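See below for the structure under consideration.
Only the coordinates and a few stated rules stand behind these numbers; no lab work does. Quick caveat, the model's predicted, so the values are computed rather than measured. Here the Cβ is made from the backbone with ideal geometry for all residues, glycine too, and neighbour counts use every protein chain on show.
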Amino acid sequence: MLIVLILGEIMIRVMIINGTKMNLALRVKSHNWTFIWKNRSLSSIVK
């Protein structure tokens, strides 16, 4: 039973660490997308 609890704890920690990494990657991607989208809308306004 104790081993299961320890494994569960490790799994949760790994998931949290991976989750934060994924969130950072997603934030960067979404930020780039908004940046591209803003540039496109600006260029279309200039035209």
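Between Arg40, Arg13, which is within 19 Å of the chain's Cα centre (by Cα), assigned to a helix (DSSP H, G or I), charged (D, E, K, R) and surrounded by 10 or more Cβ atoms within 10 Å (Cβ to Cβ)?
Matching residue, one of Arg40, Arg13: Arg13.
Yes or no: Leu7 within 11 Å of the chain's Cα centre (by Cα) and surrounded by 10 or more Cβ atoms within 10 Å (Cβ to Cβ)?
No: the conditions fail for Leu7.
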